[in-house]
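The next block holds one structure in the form of structure tokens; read it before the comments.
Read the figures in this text as sums done on the coordinates, not as results from a lab. What you are looking at is a predicted structure, and each value in this text was computed from that prediction instead of being measured. Every residue, glycine among them, receives a Cβ derived from its backbone with ideal geometry; neighbour counts consider all protein chains shown.
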Amino acid sequence: MKLNVATILTISRIVFIPLIVFFFILDDGKYRDISAYIFLLALITDYLDGFVARNFNQTTAFGAFLDPIADKLLVVITIFLLARSLDSIIFILSSLIIISREFLVIAIRQRLAELKSNVPLKVNNLGKIKTGFQMLALFSLLHSNTALGAIDLHIIGILLLFIAAVLTVISFIYYVRNAWDDILS
């Protein structure tokens, strides 16, 4: 396998995850904001790897396989980190929905691969919107400084995560509906 820029950007997103964890817990959260900005950098690489892959003909089977894994790792590990410090039922329920959907989509993709199905489970616009809300929420919640002027970032983050959870359910229904006949065969 030959590495290209798009794949290197995807791999870098995975490499950022331990750094996010490290700065989040370092010195009892004193450097938590650094983890938020590393998370933001990971989000930028997520956008750039897709842009580079599509526009510079760097799409590969390995990149298509690794990109959603990198995204899922980034989201799930960040949610676990935040669960340490957030005591909100909305956060917990939204997180459970998001994490459950990620595992269920992995299971559906595995089942379709076992069946050698040609049903594409590509990201649609709703999935992209869901991801946008989810990532903005997690970025907001990673910050230690909860106020931006009169705006409480953690309340905004929890609200955005709730919206992401609702969109998560809707996008999951889309995935299941598209693959239902093949899943049950």
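Structure notes:
- Look at (1) of a type in the set (K, R); (2) in contact with a Ser or Thr (Cβ under 6 Å, 6 or more places away or on another chain); (3) without any contact (Cβ under 8 Å) to a residue 60 or more places away in the chain and you find that K128 fails only one, number (2).
- Verdict on I8 being touching a helix residue (DSSP H, G or I) at 6+ places or on another chain (Cβ under 7 Å) and among the hydrophobic types (A, V, I, L, M, F, W, C): no
- Residue count, the stretch 1-23 (criterion: among the hydrophobic types (A, V, I, L, M, F, W, C) and either touching a Phe, Trp or Tyr at 6+ places or on another chain (Cβ under 8 Å) or without any contact (Cβ under 8 Å) to a residue 24 or more places away in the chain (or both)): 11
- Total residues in the stretch 31-46 satisfying the condition of being more than 14 Å from I14 (Cα to Cα) and surrounded by fewer than 18 Cβ atoms within 10 Å (Cβ to Cβ): the figure is 4.
- In summary, T168 fulfils each of the numbered conditions (1) among the hydroxyl-bearing types (S, T, Y); (2) without any contact (Cβ under 8 Å) to a residue 60 or more places away in the chain; (3) part of a helix (DSSP H, G or I) with the single exception of condition (2).
Residues are listed down the side, and each one gets a yes or a no for (1) surrounded by 14 or more Cβ atoms within 10 Å (Cβ to Cβ); (2) farther than 27 Å from S35 by Cα:
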position	(1), (2)
E102	yes, no
K128	no, no
S140	yes, no
N145	no, no
L167	yes, no
F172	yes, yes
Y175	yes, yes
A179	yes, yes
D182	yes, yes
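- Taking the criterion of being buried (at least 20 other Cβ atoms within 10 Å of the Cβ) and out of contact with any Lys or Arg (no Cβ under 7 Å at 6 or more places or on another chain), the residues of the stretch 53-72 that qualify are A53, G63, D67, D71.
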